[in-house]
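Novice: One structure follows; several queries about it will come next.
The values are calculated or read from the model by the stated rules, or taken from the named source; none is laboratory data. Because the structure is predicted, anything quoted here is derived from the model rather than measured. When we count neighbours, we look across all protein chains shown, and the Cβ atoms used for this are built from the backbone with ideal geometry, even at glycine. All accessible areas refer to the heavy atoms of the entire protein, side chains included, with ligands and DNA or RNA removed. Shrake-Rupley method; radii C 1.70, N 1.55, O 1.52, S 1.80 Å.
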Amino acid sequence: MEIERKYLIEDPGKLPENYQDFPFHEIEQAYLCTNPVVRLRKEDDTYYLTYKGKGLLAREEVNLPLTKEAYEHLLPKADGIVLRKKRIYIPLIPDDLTIELDIFSGEYQGLILAEVEFSSIESAECFTPPEWFGRDVTFSGEYQNSRLSAIKTN
């Protein structure tokens, strides 16, 4: 089960000064289907096929490993835009949480989203985001990656 809140970073000038010093992954992902969500992902040199159930705050998520060859075979079959982003992992102290800061390139150059995953719906609902986070877009669905892959928003 994935439980997460998502925020649109509207002012990149407010990002923490040292955000680029934290660990990160280069991610490429595309969608074979968006209802239900079936996603292909390359994370550095690791490959996955992911199924995601319905939902905005909480939903089922199952990751299956893929070989590079299987990923490359399936990628041309994906619909829409291939998303590319750098995901930076920023610890959120003292909450013992991690901010996943997604800085998009390619079609969505300039888009920055922050996600925080939680162990329970209750903790997600009680979360107070850092001041530099922008608008909470968790429940709108407009910034779900599967939706971004289908249409360009700007």
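Novice: Starting from residues that are in contact (Cβ under 8 Å) with a residue 24 or more places away in the chain and in a helix (DSSP H, G or I), keep the ones in region 75-122 and report whichever is least open to solvent (accessible area, probe 1.4 Å).
Specialist: TYR108
Novice: Do the conditions hold for ALA58, that is, is it more than 15 Å from the chain's Cα centre (by Cα) and open to solvent by less than 40 Å² (accessible area, probe 1.4 Å)?
Specialist: no
Novice: Is it true that GLU142 is part of a loop (DSSP other than H, G, I, E, B), over 21 Å from LEU40 (Cα atoms) and more than 12 Å from the chain's Cα centre (by Cα)? I'd like the intermediate steps shown before the answer.
Specialist: Details: part of a loop (DSSP other than H, G, I, E, B): yes; over 21 Å from LEU40 (Cα atoms): no; more than 12 Å from the chain's Cα centre (by Cα): yes.
Judged against the criteria, GLU142 is not a match.
Novice: Check off (1) open to solvent by 40 Å² or more (accessible area, probe 1.4 Å); (2) within 26 Å of PHE22 (Cα to Cα) for LYS68 and give me the number that stays unchecked.
Specialist: The number of the failed condition is (2).
Novice: Provide a single number: the residues in region 1-16 that are modelled with pLDDT of 95 or more and assigned to a strand (DSSP E or B).
Specialist: Of the residues in region 1-16, 6 are modelled with pLDDT of 95 or more and assigned to a strand (DSSP E or B).
Novice: Further question on the same structure: Can you tell me which of (1) under 22 Å from VAL137 (Cα atoms); (2) out of contact with any Gly (no Cβ under 9 Å at 6 or more places or on another chain) is the one TYR31 doesn't meet?
Specialist: Here TYR31 meets the rest and fails (2).
Novice: Of (1) open to solvent by less than 40 Å² (accessible area, probe 1.4 Å); (2) of a type outside the set (A, V, I, L, M, F, W, C); (3) in a strand (DSSP E or B), PRO130 satisfies all except one. Which?
Specialist: Evaluating PRO130 over (1) open to solvent by less than 40 Å² (accessible area, probe 1.4 Å); (2) of a type outside the set (A, V, I, L, M, F, W, C); (3) in a strand (DSSP E or B) leaves (3) as the failure.
Novice: Also: Across region 1-55, what is the number of residues that are free of Cβ contacts under 8 Å to residues at least 60 places away in the same chain, under 17 Å from LEU113 (Cα atoms) and surrounded by 15 or more Cβ atoms within 10 Å (Cβ to Cβ)?
Specialist: 1
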